[in-house]
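The values are calculated or read from the model by the stated rules, or taken from the named source; none is laboratory data. Everything numeric here is computed off the predicted structure, so don't read it as measured data. No Cβ is skipped: glycine too gets one built from the backbone with ideal geometry, and neighbour counts run over all protein chains shown.
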Amino acid sequence: MPNFIDYDFAPTPKQLLDIYDGGFKGVIHDTASYAAMRTVTPRFYDAFPGAKGRGKGRLSLPYKAALTLDSEFGGYESQTTGDCVSHATRNGGMMDYCIDAMFGETTYKGRFATENIYGYRGHRGQGANCSRLAMYVSQKGPGGFLVRDKYEDGRNSVDLSRYNSRIGHNWGGSSTPAWLNKIAATNKAMRVFNVKSMDEAIDALAMGFGIPMCSGYGFRSTRNEDGLCERGGGWNHAMAWIGVDDTDYAHQKYGGPLFLIQNSWGEWNGGPKRHEQPDGSFFVRPKISQSMINGGGGYVVASVRGYNRELVYDTANRVLELSEA
């Protein structure tokens, strides 16, 4: 479980490095970095004008594509070090990748790795900056997504076929090797957006895009009858948003949409589930999700390039309907 630091703490870049190198294992709320990302990333609706309102009143469950292609999605690869941001980024990227594979727009080659993403964090200690790792998999960054496999370029090699947190941890001081970044860069998220509103988050999930989210909110380990976990304590932690219930049921009972969050601790929580939600996931109350969005640490991972892609997809205007409702 990640350490806890006051969520209102606004560290300088040097303080960030000192804290991480001193052994901090979680996420530090980096107000300056999030503000910078807000100014350089495009607005979601500017890039996808047809997305506006597409998720309103709907149940959008992009994670069902991931579960269809990998039945262990969600409960797999419980993190063994402070690499939660790479897990959240990977899980967010899995949404569009798996959906497009199901629609025949790309080839599914297996789940994405975390190690190359975590290796780009820029320091020797554990933990990572959410905006930095979101940028790593974007067009503006040096890397992208790698499937779990063995990689080599004739002189170097690495085995990413199984989760091994030490690999990404050991790369932190010098960064992910350039030769591996070159391979990863062939499978980027063509668009990364900083989430600025609840409507954007709802519509992004309706388009099938996942959202890595960093925050200081902790949650209880027992789900209620609707698969929801109440807030409990504080975590400086990153998790992926993988679905949303914006139906009348959610609004009438909870006063707004219920976002589904995927943690990276395996089967850490228990209790009832709805809509075949993955192990380790939970819905959250609207007030909490709104506060998490307001914190500035959420990023839409859109238009993952994938493999053997032939179709242009940035003009996608569909609403995902992978649900029994």
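Looking only at region 227-261, residues that are under 29 Å from Ala128 (Cα atoms), out of contact with any helix residue (DSSP H, G or I) (no Cβ under 6 Å at 6 or more places or on another chain), among the aromatic types (Phe, Trp, Tyr) and modelled with pLDDT of 95 or more come to 1 in all. For Ala250, the requirement of being within 21 Å of Arg54 (Cβ to Cβ), buried (at least 16 other Cβ atoms within 10 Å of the Cβ), without any contact (Cβ under 8 Å) to a residue 40 or more places away in the chain and of a type in the set (A, V, I, L, M, F, W, C) is met.
Residues in region 81-103: is at least one closer than 26 Å to Arg309 by Cα, at pLDDT below 95 and in a loop (DSSP other than H, G, I, E, B)? Among the residues of region 81-103, at least one is closer than 26 Å to Arg309 by Cα, at pLDDT below 95 and in a loop (DSSP other than H, G, I, E, B), which makes the answer yes. So Arg223 fits all but one of (1) closer than 25 Å to Ala134 by Cβ; (2) touching a residue at least 40 places away in the same chain (Cβ under 8 Å); what number is the exception? All conditions pass for Arg223, except number (1). Filtering region 279-298 to residues that are more than 15 Å from the chain's Cα centre (by Cα), in a loop (DSSP other than H, G, I, E, B) and under 27 Å from Arg132 (Cα atoms) leaves only Gly295.
For region 92-132, the candidate set comprises residues that are out of contact with any helix residue (DSSP H, G or I) (no Cβ under 8 Å at 6 or more places or on another chain) and not charged (D, E, K, R); within that set, the residue that is farthest from Trp179 (Cα to Cα) is Phe103. What number of residues within region 217-247 are closer than 22 Å to Gln79 by Cβ and buried (at least 24 other Cβ atoms within 10 Å of the Cβ)? Residues flagged as closer than 22 Å to Gln79 by Cβ and buried (at least 24 other Cβ atoms within 10 Å of the Cβ) within region 217-247 amount to 8.
Residue check: is Ser281 polar (S, T, N, Q), in contact with a Phe, Trp or Tyr (Cβ under 9 Å, 6 or more places away or on another chain) and surrounded by fewer than 19 Cβ atoms within 10 Å (Cβ to Cβ)? Spelling it out, it is not the case that Ser281 is polar (S, T, N, Q), in contact with a Phe, Trp or Tyr (Cβ under 9 Å, 6 or more places away or on another chain) and surrounded by fewer than 19 Cβ atoms within 10 Å (Cβ to Cβ).
Scanning region 113-153 for residues that are crowded, with 24+ Cβ neighbours inside 10 Å and in contact with a strand residue (DSSP E or B) (Cβ under 6 Å, 6 or more places away or on another chain), we see that the one that is farthest from Met213 (Cα to Cα) is Phe145. Scanning region 47-67 for residues that are assigned to a helix (DSSP H, G or I) and either on the phi > 0 side of the Ramachandran plot or free of Cβ contacts under 8 Å to residues at least 40 places away in the same chain (or both) returns a single hit, Pro49.
Regarding Ser78, is this residue part of a helix (DSSP H, G or I) and hydroxyl-bearing (Ser, Thr, Tyr)? Against the criterion (part of a helix (DSSP H, G or I) and hydroxyl-bearing (Ser, Thr, Tyr)), Ser78 does not qualify.
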